[in-house]
Each structure stands twice: as structure tokens, then as C-alpha cells.
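Below you'll find the structure, written out as C-alpha cells, and then a few comments.
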Amino acid sequence: MHFQQLTYFVAVAEAKHFTRAAEEVHVSQPSLSQQIKALENELGAELFSRARGNIALTDAGEALLPLARRILADADTARHEVQELVQLRRGRIRLGATPSVCTGLLPYVLRAFHDLHPGVQLLIEEGGSHDLVRELARGALDLALLVLPLPAASPALTTVELLREDLVVLSSPAGPAPGHGGTVRIADLAGEPMVMFRHGYDLRELTVAACRAEGFEPSFTVEGGEMDAVLGFVRAGLGVAVVPRMVAVRTGQDLRTTPLASPGLRRTIALAHRTDVAPPRAARELQRMLLANGPDGQDGPHGQDRRDGQNASARP
């Protein structure tokens, strides 16, 4: 039994005339009759009585008609649903990102994506790179924005470098500026009260490692906060914090931004997905937008470097 046969059967049942039905479905009358006969042979019953040129449904035809209509309607619904997904009228994207990326980069890119594809649902999960790699591995995320390098024991992931950005020092304008000469050395942070992110933040690990490389342990007045909490503590004058430049430029005039002296600290953000599973159609479109455009239409956030042609597989 084929959809085409059911289509022809319903057309004849409604037109009660083989020639008119053939015209409605744009097929020759002999071809339509042949397909109806094949359907009757397969079902083992006549579907139409053809007495004296009048076309009427038999009992078997009456039983088949509502079923055929439902089958054709379901097929049309399935076709429509798939076309909506393919054309990005519907769908879902499960995207993971570090909190600083959620604060700085994503709002503008996601707004542009939503304007183009308002029917696609966006599910965002914030977390550190370690947590996001684990969520990618178990299939809970389609894409993730991670900080490179990946954890050593990572599953097979395909990563594309998205941008590189400098880290800067934020402080309250009410207090003295950290460092000297308009920049801060990592060594200047020795003894400087600091506000520190919770464990699991890539920024925490990067900052602590840089301080230890200079031979000292950082001094925390407050630790354990998320991004918004850390910014609030700095505003209150509880200490300084090391944050990405993309976050600093959006904090307004109530915080002082001081660059780190050369060589400074930089981090690399990459877009990752599982190597063995292709992202869904909607996720691939978001991936294309992320790689093609930084926020505000620039090559990377606020003029920072973006490398969108490098692919790598991270394996254990």
C-alpha cells in the first residue's frame, strides 16, 4: 500500500468519478485506475462499485476511507513538521557556556539568532569548562563555549577557536588604583585584597595559577561568588577582581578597569561539540553565526582577535 494509491482512492471517493479524480490529482485516468486496481488487489476487496457508470463506495471502501484520510493527514503533518525544523521555524538548541561568556558575548548573538528564528527554543546552561565538557560527553548539550585548553581527560570533541581576549583588573573608583603607570603586573596583586570566583570557574584557576607562577598565593577577602556577585563585591570596595575584557566593558562607569602589564593574561574561547555526533540543524546555524560575527558586528568582541578557521579534536 502506497501513499499515492491512498491519495487516488480518496480523490475518487470524493469526486465519485474516475476522470474528474484523475484531473484533480494531475494524473492520467488509466494510471489512476491502474493504481486503484492494484490497491484493491493488495487489500483483497473491491473498493468501488461501478454499476451502470455510477461510482459508489463498497463496504470495504467505506471502512477504508476514514483510515486513508487519517493516514494522509498524518503524513502531511509529518512532512510539515520536518520542513519546519529544516527551515528553522522550530527546533531546540542546548548551549553551554562559561558565566563570563554568558554575560559578555551571548546576549547579543542570541538576540540576533532569535530575531531570525523566533520559533527555535534556546536552552542555556552556565558552568565551568570541566562541567560543560562532561555535559557534552553525556549528550546533554549540543554545543558549548569553553575555555582552552580543555581538561586533560576530555572525550573526543571537535573545537573551533572563536576568540582570544585579554584579562583585566577591576577595582572600585573609590579606592586607590592598583598597580602603577596605568597597568597592573601580576606581581602587584601580591597582598592586594581580591574578590575571587567560586571553585569550578576557569577564571579562578587561571588567576590563581598566574599568581603562583609569580611566587605568591593570592589573598581573598571574599570568594565563592558567581560573576554578578563578584562585580557587586568589587563595587562595594571589598577588593579587586581579574575578569575578561568583554565583561569589563559592560560594567559601566562605576568600576575602574586597569589592563594587565605585558605579557598579561589572555584566554581562548572555543566552540565545541562531540566529534561523533553532528549538532542539530538549528545548533549548526547558531554555530555559523557565532563564528561569522562577534557582537556589535565586529571580528570578535570589541575588536579582540578571533580565529574562526582552526579545528582540533581534543581526546584523552
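The values are calculated or read from the model by the stated rules, or taken from the named source; none is laboratory data. Predicted, not measured: the structure shown is a model, and the values here were computed from it. Because the Cβ atoms are built from the backbone with ideal geometry, glycine has one as well, and the counts that use them run over all protein chains shown. To get the accessible areas, we keep the full protein, side chains included, count just its heavy atoms, and leave off ligands, DNA and RNA. Shrake-Rupley method; radii C 1.70, N 1.55, O 1.52, S 1.80 Å.
Report whether or not Arg50 is of a type in the set (D, E, K, R), open to solvent by 40 Å² or more (accessible area, probe 1.4 Å) and closer than 18 Å to Arg20 by Cβ. Let's see the steps before the verdict.
Details: of a type in the set (D, E, K, R): yes; open to solvent by 40 Å² or more (accessible area, probe 1.4 Å): yes; closer than 18 Å to Arg20 by Cβ: yes.
Yes.
Pairs linking a residue in the stretch 87-106 that is closer than 20 Å to Pro244 by Cα and buried (at least 24 other Cβ atoms within 10 Å of the Cβ) to a residue that is modelled with pLDDT of 85 or more and among the polar types (S, T, N, Q), with Cβ atoms under 9 Å and 6 or more positions apart or on different chains, are Thr98/Ser129. The residues on offer are Gly179, Gly175, and the sole one that is surrounded by fewer than 18 Cβ atoms within 10 Å (Cβ to Cβ), over 19 Å from Gly127 (Cβ atoms) and over 28 Å from the mean Cα position of the chain (by Cα) is Gly175.
Please tell me if Leu65 is in contact with a strand residue (DSSP E or B) (Cβ under 9 Å, 6 or more places away or on another chain) and surrounded by 15 or more Cβ atoms within 10 Å (Cβ to Cβ). Judged against the criteria, Leu65 is a match. What do you reckon, is Ala241 in a strand (DSSP E or B), touching a helix residue (DSSP H, G or I) at 6+ places or on another chain (Cβ under 7 Å) and of a type outside the set (D, E, K, R)? Yes: the conditions hold for Ala241. Residue pairs whose Cβ atoms lie under 8 Å apart, sitting 6 or more positions apart in sequence or on different chains, and linking a residue in the stretch 201-230 that is within 19 Å of Gly96 (Cα to Cα) and of a type outside the set (Gly, Ala, Ser) to a partner that is open to solvent by less than 60 Å² (accessible area, probe 1.4 Å) and assigned to a loop (DSSP other than H, G, I, E, B), are Tyr201/Thr98; Tyr201/Gly128; Asp202/Thr98; Asp202/Gly128.
Listed by first and then second residue, the pairs with beta-carbon distance under 6 Å, at least 6 apart or on different chains, first residue in the stretch 54-75 and in contact (Cβ under 8 Å) with a residue 12 or more places away in the chain, second open to solvent by 70 Å² or more (accessible area, probe 1.4 Å) and of a type outside the set (A, V, I, L, M, F, W, C), are Ile55/Lys16; Thr58/Glu46.
Give me a count of the residues in the stretch 1-23 that are under 46 Å from the mean Cα position of the chain (by Cα) and surrounded by fewer than 17 Cβ atoms within 10 Å (Cβ to Cβ). Let's see the steps before the verdict.
Going through the stretch 1-23, the residues under 46 Å from the mean Cα position of the chain (by Cα) turn out to be 1-11.
In the following step, the residues that additionally are surrounded by fewer than 17 Cβ atoms within 10 Å (Cβ to Cβ) were identified as 1-4.
Result for the stretch 1-23: 4.
You will find that of Arg245, Arg266, Arg185, the residue that is among the basic types (Lys, Arg) and over 19 Å from Arg164 (Cβ atoms) is Arg185 and no other.
Scanning the stretch 207-235 for residues that are in a helix (DSSP H, G or I), surrounded by fewer than 16 Cβ atoms within 10 Å (Cβ to Cβ) and out of contact with any Ser or Thr (no Cβ under 9 Å at 6 or more places or on another chain) turns up Ala209, Arg212, Ala213, Ala229, Gly232.
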